[in-house]
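The values are calculated or read from the model by the stated rules, or taken from the named source; none is laboratory data. Remember, it's a predicted structure, so these values are computed and weren't measured experimentally. Backbone-built Cβ (ideal geometry, glycine too); neighbour counts: all protein chains shown. Each accessible area value is taken on the protein alone, full model and side chains, heavy atoms only, with ligands, DNA and RNA left out. Shrake-Rupley method; radii C 1.70, N 1.55, O 1.52, S 1.80 Å.
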Amino acid sequence: MANKVYDHKAIEKKWQDIWESSRCFEAKNDATLPKYYALIEFPYPSGDGLHVGHPRSNTALDIISRKRRMEGYNVLFPIGYDAFGLPTENFAIKTKTHPAIITKRNIDRFRSQLKRLGFSFDWSREISTADPSYYKWTQWIFLKLFEHGLAYKKEMPINFCPSCKIGLANEEVVDGNCERCHNPVIRKTLNQWMLRITDYAQRLIDDLDTVDFIEKVRTQQINWIGRSEGAELNFKVDGTDEVIRVFTTRPDTLFGATYMVLAPEHPLIAKLADKITNMPEVQEYQRSAAKKSDLERSALSKEKTGVEIKGIKAINPATKQPIPIWISDYVLITYGTGAIMAVPAHDSRDYEFAKHFSLPIVQVVAGGNIDEEAYTDTEKGTMINSGFINGLEVKEAQARMIEWLVSEGIGERKVNFKLRDWVFSRQRYWGEPIPLVYCEKCGWQPIPESELPLELPEIDDFYPADDGTSPLSRATEWVNTTCPKCGGKAKRETDTMPNWAGSSAYFIRYCDPHNDKEFVSKEVADYWLPVDWYNGGMEHTTLHLLYSRFWHKFLYDIGIVSTPEPYKKRTSHGLVLGENGEKMSKSRGNVVNPDTIVDEIGADAFRLYEMFMGAFDQPIPWSTTGAKGCKRFLDRVWRLQDMLIDKHAENGIRDCLKVSIHSTIKKVSEDYERMKFNTAIAAMMSLVNDIYSVGSVTYDELKTLIILLYPVAPHICEEINENMGYTEPLHHTKWVEYDESALVENTVEMAVQVNGKVRGKINVASDAKQDEIEKIALASDEVKPFIEGKTIRKIIVVRNIVNIVV
RNA sequence: GCGAAUGUGGUGGAACGGCAGACACAACGGACUUAAAAUCCGUCGGGGCGACCCGUGGGGGUUCAAAUCCCCCCAUUCGCACCA
């Protein structure tokens, strides 16, 4: 007899030990086996330890991994740590402890927490991005990018706190103020390393058609890259040789361009300083704009601000009329050319600006009500007030205008992307050193590959230098080196790489994590890649996903990998919220620690609840009592052992459970694949309820149930399997198939509707013909009162509904 | 401001355009127990004694049939780089 309640602590420990010692979840680099590569986003080992959000993604792909093994695949389900990063560095500064020590401590904690949850990771391939044997290859990829001209230096602004003398991440800027000292943050310009991701913009859009990403992820990638077609053209600055170059998606509206706007950082302002009559005013505006963060400039300014640049005018190439030039921070230096032609009649932001500063508004497309708002429709409208394109429709006018611009040498067709190049420098200690050296004679030089990894130097003080440069600049011995090219005196780059670097190709390194000769062997990469299924959070669907696709494409171009896309399939999970429905956070005091839950109800029940709590892709509030309900279900499964019928007396699947079991196999098999874990579990609960109603269970019936349940709750299922006397563990057992013919019942219940309202039920043979069904429905006692004395106009028989229209 | 999503019982949620509320949680009633826990059985959207009627954020529409499709509105959440 089994105990009423199973001892989750003993059982889970037992099976975790067996899995670890038998190394049964280690993937084999054997190309003769069918492979499956399941990937979760590796965690950032924060000081707070694992939270209940992590297991949601992990359990989902653990279910898939375990099911795939039972289906005969050689499965790679790896784990590692994205270990470089800001929080660790800040903690290091605060506690005067080396970030490497903190990182090791955090990783150890994460590892033990993950192991307690019984995920079937291949622990032999564990990696950490902060490990020199790993970041050697991050640096190697950077050198390849540099070698291929995809890394370059550019003046870029950073958030800088003048009081703390430290560069800040956007995250550390709160309402324009420094998160620590609350003083205003300014924008300081530094010469930084950039990666040319924009070279890949078109391919990053096009190749989305070749992969299976959930729709919202795909949409977000496309919107982020932001392709737009239009024209780039020059406006002459009157009385000078200078031109203002602009990009527009609406070349058709050129006749309506009544003024121009430059971004505050536009270089032309300095160039024409001697012509500008109100320079102090302009400079004052530039200074105030520099104080604003990107976020402020974009979000907060309902009210448009700006200053007219007096003393210079631009010439509208279509009307030949002089138009004023303004400076305003609603124009961004980072997008397009950093200057726009303003067409207030047909762009809402220009309209708002023109109204605010009483600038002329000239309508050039008929339609809308220009007195009220800009008319922005690009689908319909006829050109007016537009010289040679008058009377044309918008689309036609665009084509015609571009033709004209080209023939006059004023401009040309142009595709523009919102996507910007990737700022790759950080003025921080806890990141990969950038493996370049600056020589006065030879310029920037890569260090030889043989010197990789370029390890972080040991320093005591991780605080950035007073001028905002990286703490590495204080490691004088490390910084001063010789030029790899000429052998003369040279200095190392002291900026480090961003957090994103280590996570941009980690899934490739998992294929061959111990290779110290190359990043990955071609053979092994060809076997494992692409990743078959990648699940992660929505918060990474723009940056990380795009960066890693970019790196992968680059590695494809230089022949390291053989697939243009890294991930065949990408899905996303919803956030686990606190019990109060708010985002879990320390400050809200609603954080749930998985350790206490596992202690109380065990890993199996915890995993089960994480999957049962709601739709996988939706954010769901945590409920500890709900989790306990899942433990109750597992206890119920456990007690089925008491109902077992002697194997020799009766076995097989009995008729009383045949339909129930086969439909559950079908439902569970399909729902796991569609990530509908909550309904898969509900189906198993129903099956258990059915077995309880029957009152007994055969070996084959129970075996089927525990095979279905095993991917979610592996420990208890292995234990029951062993108790039943099976010597082969479930992870070596074949997945169950359902029998289509067993799903069909002899009779089906159909609802009979009269004018769409259910009035009765009938039972008919499942192979009954339509006219037979109609006859039975019309004769039904429940239905009769509703059709008597009425004319039957139509009878519709669909699936399990009969609708009588009277 | 832009973009995306969501809105169903006390709660989490089910529902290829086809019987709204599966499966759970909570609550309540009962059995078992000296008692409690556990377990088992039952009730559980609202109204009506009842036949029935009303119900998926609100208002229209399409359809034999709408939580589901279309239009308008409201609310909430998330993301954001005013994207020219």
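Before moving on, here are some points about what is shown:
- Pair-distance distribution P(r) for the stretch A:450-542, from all Cα-Cα distances in 10 Å bins starting at 0: 12, 30, 26, 24, 8 percent.
- Look at where the Cα atoms of the stretch A:555-612 and of the stretch A:317-386 average out, and the two centres are 46 Å apart.
- Spacing of the two label points (7 Å from each Cα toward its C-beta) at A:Phe357 and A:Ser780, in nm: 7.3 nm
- For the set A:Lys115/A:Lys136; A:Lys647/A:Lys734; A:Lys28/A:Lys734; A:Lys188/A:Lys583, the pairs lying more than 24 angstrom apart at their alpha carbons are A:Lys115/A:Lys136; A:Lys188/A:Lys583.
- Estimated from the Cβ-Cβ distance and a Förster radius of 30 angstrom, the FRET efficiency linking A:Ala649 and A:Ala682 is about 0.40.
- Each Lys or Arg adds one and each Asp or Glu takes one away; over the other residues whose Cβ falls under 13 Å from the Cβ of A:Glu232, this sums to +2.
- For the stretch A:537-592, convex hull of alpha carbons as volume per residue, Å³: 105 Å³
- With a Förster radius of 51 Å applied to the C-beta separation of A:Val694 and A:Arg105, the computed FRET efficiency comes to 0.45.
- C-alpha center-to-center spacing [the stretch A:38-74, the stretch A:81-122] in angstrom: 18 Å
- Per-residue ellipticity at 222 nm from helix content only, as computed over chain A with -39500 (n - 2.57) for each DSSP H run of at least four residues, stands at -10500 deg cm²/dmol.
- Electrostatic bookkeeping for A:Ile312 treats Lys and Arg as +1 and Asp and Glu as -1; over the other residues with beta carbon under 9 Å from its beta carbon, the sum is +1.
- Förster radius 60 Å - calculated FRET efficiency between A:Leu33 and A:Phe388 (Cβ-Cβ, nearest 0.05): 0.30
- Added length on full extension, which subtracts the Cα-Cα distance from 0.36 nm per residue, A:Glu582 to A:Glu788: 68.5 nm
- For the stretch A:546-631: rounded, prolate or oblate by the Cα gyration tensor [a/c cutoff 1.5]: prolate
- Summarising the amide proton neighbourhood of A:Gly760: residues at separation of 5 or more, or on other chains, whose placed amide H is nearer than 5 Å comprise A:Val752.
- Segment A:Ile801-A:Asp461, extension gain: residue separation times 0.36 nm, minus the distance between their alpha carbons: 114.9 nm
- Heavy atoms of the protein chains alone define the surface here; on that basis the stretch A:31-165 has 33 Å² accessible area per residue at 1.4 Å probe size.
- Between the stretch A:191-210 and the stretch A:744-806, the alpha-carbon center distance in angstrom: 60 Å
- For A:Ile792, neighbours were defined as the other residues whose beta-carbon sits under 13 Å from its Cβ, and their charges (Lys and Arg +1, Asp and Glu -1) total +3.
- For the stretch A:660-741, the solvent-accessible area with a 1.4 angstrom probe is 35 square angstrom per residue.
- Cross-link table A:Lys769/A:Lys794; A:Lys236/A:Lys395; A:Lys153/A:Lys441, entries beyond 19 Å C-alpha to C-alpha: A:Lys236/A:Lys395
- From the C-alpha gyration tensor of the stretch A:47-115, square roots of 5λ in Å: 32, 11, 9
- Cα shape, the stretch A:106-193, gyration tensor, a/c 1.5 rule: oblate
- Where labels lie 7 Å past Cα in the beta-carbon direction, separation of A:Glu600 and A:Ala615 in nm: 2.8 nm
- Along its three principal directions, the equivalent ellipsoid of chain A from the Cα gyration tensor extends over semi-axes of 57, 41, 23 Å, largest first.
- Extended-chain gain in nm, criterion 0.36 nm per residue less alpha-carbon gap, A:Arg636 and A:Val174: 161.2 nm
- The stretch A:16-103, accessible surface, carbon-and-sulfur percent (1.4 angstrom probe): 56 percent
- With each label modelled as a point 7 angstrom along the Cα→C-beta vector, the A:Glu740-A:Asn723 pair spans 3.7 nm.
- Dipole magnitude of the stretch A:166-273 about its Cα centre (Cβ charges: Lys, Arg +1; Asp, Glu -1), debye to nearest 20: 300 debye
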